[in-house]
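Single-structure report; data block below.
The numbers here are math on the coordinates, done by the rules we state, and not lab data. All values derive from a computational prediction rather than experimental measurement. Don't worry about glycine lacking a Cβ; one is built from the backbone with ideal geometry, like all the others, and counts go over all protein chains shown.
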Number of protein chains: 2
Amino acid sequence: MVTMDDVARRAGVTKQTVSNVVRGRAVVSPRTKAKVEAAIAELGYQPNLVARGLATGTTMTVGFIVPTVANPFYSAVVEEVETLLEMHGYHLLLATTRGDGERARRHLASLSSRSVDAVLVAEDRDLGDVPLLERMGVPVVLCAWETTPPGGLPVVTVDYEKAGYLAGRHMHKLGHRRPVVIADLPAHQIRVQGMRRAFAEVGVTVPDDSVLAAPEATSESGYAAMLRALGSGNKPSCVLTSTDAIALGVTEALRHQGLRVPEDVAVIGIDDIPQAAHAHPPLTTVSLPKRRMARDATGLLLNAIRDKQPVPPDVSLLSPEVVVRATCAPPAG
Amino acid sequence: MVTMDDVARRAGVTKQTVSNVVRGRAVVSPRTKAKVEAAIAELGYQPNLVARGLATGTTMTVGFIVPTVANPFYSAVVEEVETLLEMHGYHLLLATTRGDGERARRHLASLSSRSVDAVLVAEDRDLGDVPLLERMGVPVVLCAWETTPPGGLPVVTVDYEKAGYLAGRHMHKLGHRRPVVIADLPAHQIRVQGMRRAFAEVGVTVPDDSVLAAPEATSESGYAAMLRALGSGNKPSCVLTSTDAIALGVTEALRHQGLRVPEDVAVIGIDDIPQAAHAHPPLTTVSLPKRRMARDATGLLLNAIRDKQPVPPDVSLLSPEVVVRATCAPPAG
DNA sequence: CTGAAAGCGCTTACAG
DNA sequence: CTGAAAGCGCTTACAG
């Protein structure tokens, strides 16, 4: 490994001068600068970021704690965060929890031993451990928080209640009055709450037995739940789901029962995963602003690092929006 | 931040002794050890991994260069790699290239400045820069390499040719003789080659005009390609696709044209993404051993780190296998 | 604008 | 088994 001293010797200057040109400080005369740059090129010198990290306390790396990456929602967020960080010269330390609080805590401790410059947390279950997060000593931002975020920390998340509300409103505006809801509960509780609020606006109370739990947010689970709903004699005019994956399964189940979407039954999802657009018929859904969330959260972190200031504990609720495609229509008859 | 010196002072010993107990070296008397451990607990001391990294040259972190994470195949691999690393106390530095060679090279340089302990590379386009990889000075393993890997480096990858072969053999064993192939070309060239080899075994040459390119490996792209195939008057008895996503689109297109799967047309995919099992009908496919690949590659890296030896440049080709579900049947009539 | 010194928090030999 | 010294490769004041 070639060090700063090697470069200094080669250029006939001192280590400190090399440091100055490497970091672009304008206190070096053009001539010395040229000499040093030549030496750097000849030797193929690359600054040792670990040494710099020890000296300055900054490592140019940001930790991201996320439940999983094997899920289109989180992987889209991770992809966007990583891209933004790389644009600013930062690297991503990815830490997966798989919903395991112990593992999350281990990661947090480890990230702090590694002196990451900031931490982004998208794990909203089992991590409401504010003291631990505050003790990190670096900027922390919470994102993709669907449960009530712990107070005192900045959060950039989606307005999940509004996502449900928009789905509900879209349906009642089309004239639907007897919705069936299929949701991954209790995880998506708040989305269902929003759906109910929308129908309440037009005087419709969604009865509890019209809300079915899909044990997982998968299309298979949605398929099974829809079959159950149909089996119980219900023939809804519309189905609201807490997730696109569920909606896709629901659509399949309906079709297999000889019901046309949207002519016989309207279906709406939440999320807007890539498959939603590619489905047949293309799925009408409420798009969650993943990229905006990733950008905003990363931006807050990057600014805080630059200004050496903590992130103010503001709560930012990003608004989802309806993406009209082909699975919704007014009720038949 | 509490340092080793603080702990030493508190325990009435020297920094070196603290270091010894922290690293679990058995050269400390039980009494001193207890004193030190008490001091550590009282002070909440955590070793500074950056300082240790500078002193030892090891950072307990592994870099992973991957084209994207917004894709079920790669995100499954990343998830598995991260889990294994975390089990061994290592952290994952995730670097995404999006197929951009320049970005890949930047990441490589950056990873080496950061003294990662090892590098895993799943970007097989535009990174055949062996010298660069060899100069890393740390163990390097290539994985998920579908193009011919550069010589001289260890690789753990899937036998993609065999994946195609198995898909082809599954079809010809059912009695199919006039296949249509829909593939993301040229990326999946080798899979198509395998399919052709399988049919050649039963004396069938797959003509070029039976091989359709899907511009992307998406279900939408598969849907469009299938429509084209049907439009050209072809009414194949079976369709082999280079990807599950394509296969899902193909199935939809067939159904929309009034053709039943598998009664009228058999369909097989490659990959075995989660949706394959959840599709209706569940997709028969050739499963790519992602987890095994992730485990083997990570294992090689971890062993090489432990033994302070480079990874021998062996090439490991993991065998895919057919997962029979519901989209294949013998040709009608 | 350039150089010599001290320090970041740890580990690695090496005496006692 | 314990302690004092030197060093990892950089940066940060501080003289010249």
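Report, in debye and to the nearest 20, how large the dipole of region B:4-47 comes out about its Cα centre when Lys and Arg carry +1 and Asp and Glu carry -1 on their Cβ.
180
If each DSSP helix of 4+ residues adds -39,500 (n - 2.57) and the sum is divided by the residues in chain A, what number results at 222 nm, nearest 500 deg cm²/dmol?
Details: 13 runs with 148 residues, N = 333.
Per the formula, -13500 deg cm²/dmol.
Each residue of region B:311-325 in turn: what ³J(HN,Hα) in whole Hz from Karplus with 6.51, -1.76, 1.60 and θ = phi - 60°, glycine and Pro shown as x?
6, x, x, 7, 10, 10, 10, 7, 8, x, 8, 6, 10, 7, 10
Along the principal axes of its C-alpha atoms, what lengths does region B:4-47 span, in descending order and rounded to whole Å?
Principal-axis extents of region B:4-47 (Cα, largest first): 22, 18, 16 Å.
Considering the options A:PRO262, A:PRO186, A:ILE273, tell which one lies farthest towards the positive end of the dipole of region A:160-287, charges being +1 on Lys and Arg and -1 on Asp and Glu at the Cβ, about the Cα centre.
Of A:PRO262, A:PRO186, A:ILE273, it is A:PRO262.
Just name one of A:LEU302, A:ALA198, A:THR56: the one whose Cα is farthest towards the positive end of the charge dipole of chain A (beta-carbon charges, Lys/Arg +1, Asp/Glu -1).
Toward the positive end, the furthest listed residue is A:THR56.
Between the label point of A:THR58 and that of the same position in each other copy, find the distances and list them shortest first in nm, with every label point placed 7 Å from Cα along the Cα-to-C-beta direction.
Output for A:THR58: 3.0 nm, nearest copy listed first.
Counting other beta carbons within 10 Å of each residue's own, what order do B:SER237, B:SER75 fall into, fewest first?
Taking fewest neighbouring Cβ atoms as first place, the list is B:SER237, B:SER75.
Taking the Cα centre of region A:193-333 as origin, sum charge times position over the Cβ atoms of Lys and Arg (+1) and Asp and Glu (-1), and report the length of that vector in debye to the nearest 20.
280
Note the angle between two axes, namely the Cα long axis of helix A:30-43 and the longest principal axis of the Cα atoms of chain A, as a number of degrees from 0 to 90, rounded to the nearest 10.
70
Take A:THR83, A:THR61, B:THR241, B:THR285 and order them by how many other Cβ atoms sit within 10 Å, fewest up front.
By the 10 Å Cβ count, ascending: A:THR83, A:THR61, B:THR285, B:THR241.
Over all directions, how big on average is the projection of the convex hull of the alpha-carbon atoms in chain A, in square nanometres?
20.5
Whole angstrom only: what separates the Cα centroid of region A:89-114 from the Cα centroid of region B:173-219?
44
Name the long-range amide H neighbours of B:VAL158: under 5 Å, sequence gap of 5 or more, or other chain; modelled H, no Pro or chain starts.
Under 5 Å from the amide H of B:VAL158: B:ALA144, B:TRP145, B:LEU318.
So how strong a dipole does chain B carry about its Cα centre when Lys and Arg Cβ are +1 and Asp and Glu Cβ are -1, to the nearest 20 debye?
Magnitude of the dipole: close to 940 debye.
Give the order of A:VAL66, A:VAL138 when sorted by the count of other beta carbons within 10 angstrom, beginning with the fewest.
With the sparsest Cβ surroundings first, the list reads A:VAL138, A:VAL66.
Provide the net charge surrounding B:SER219, with neighbours chosen by a C-beta distance below 9 Å and charges set as Lys +1, Arg +1, Asp -1, Glu -1.
Summing Lys and Arg as +1 and Asp and Glu as -1 gives -3.
If the viscosity is 1.567 mPa s and the temperature 4 °C, what translational diffusion coefficient in µm²/s does Stokes-Einstein give for region B:155-237 when Rh comes from Kirkwood over Cα pairs?
Answer, rounded: 99 µm²/s.
Report, by chain and number, residues whose modeled amide H sits under 5 Å from the one on B:VAL211, excluding near sequence neighbours (fewer than 5 apart, same chain).
B:VAL181
Taking a temperature of 37 °C and a viscosity of 0.692 mPa s, what whole-number D in µm²/s does Stokes-Einstein yield for region B:112-265 with Rh from Kirkwood over alpha carbon pairs?
Estimated diffusion coefficient is 192 µm²/s.
Quick one: label points 7 angstrom along Cα→Cβ at B:GLY44, distances to the other copies in nm, smallest first?
Those label-point separations list as 4.5 nm.
For region B:279-286, take each phi angle, set θ = phi - 60°, evaluate the Karplus expression 6.51 cos²θ - 1.76 cosθ + 1.60, and give the result in whole Hz per residue in order, putting x for glycine and proline.
Karplus values, whole Hz, x for Gly and Pro: 5, 10, x, x, 7, 6, 7, 9.
In terms of modelled amide H atoms, which long-range or inter-chain residues lie less than 5 Å from the amide H of A:VAL315?
Answer set, sorted by chain and number: A:VAL155.
Project the alpha carbons of the protein assembly as shown onto their principal axes and report the range along each, largest first, in whole Å.
82, 68, 58
Give me a comma-separated list of calculated 3J(HN,Hα) values for region A:263-278, in order, Karplus coefficients 6.51, -1.76, 1.60 applied at θ = phi - 60°, integers in Hz, x for any Gly or Pro.
4, 8, 9, 8, 9, 9, x, 9, 2, 6, 6, x, 5, 4, 6, 8
When the Cα centres of region B:270-305 and region B:13-64 are compared, how far apart do they sit, in Å?
About 39 Å separates the Cα centre of region B:270-305 from the one of region B:13-64.
When only C-alpha pairs under 8 Å and at least 6 residues apart count, what is the relative contact order of region A:4-47, in percent?
Numbers: 36 pairs, mean separation 18.6, N = 44.
So the answer I get is 42 percent.
A:LEU43: net charge of surrounding residues, Cβ under 13 Å, Lys/Arg +1, Asp/Glu -1, itself excluded?
Net charge in that neighbourhood comes out at -1.
Where the label is 7 Å out from Cα toward Cβ, how close does A:ASP6 come to the same position in every other copy, in nm, shortest first?
Reported distances to equivalent positions: 3.7 nm.
In percent, what relative contact order does chain B have, based on Cα pairs under 8 Å that are 6 or more apart in sequence?
Values: 644 pairs, mean separation 54.1, N = 333.
Value for chain B: 16 percent.
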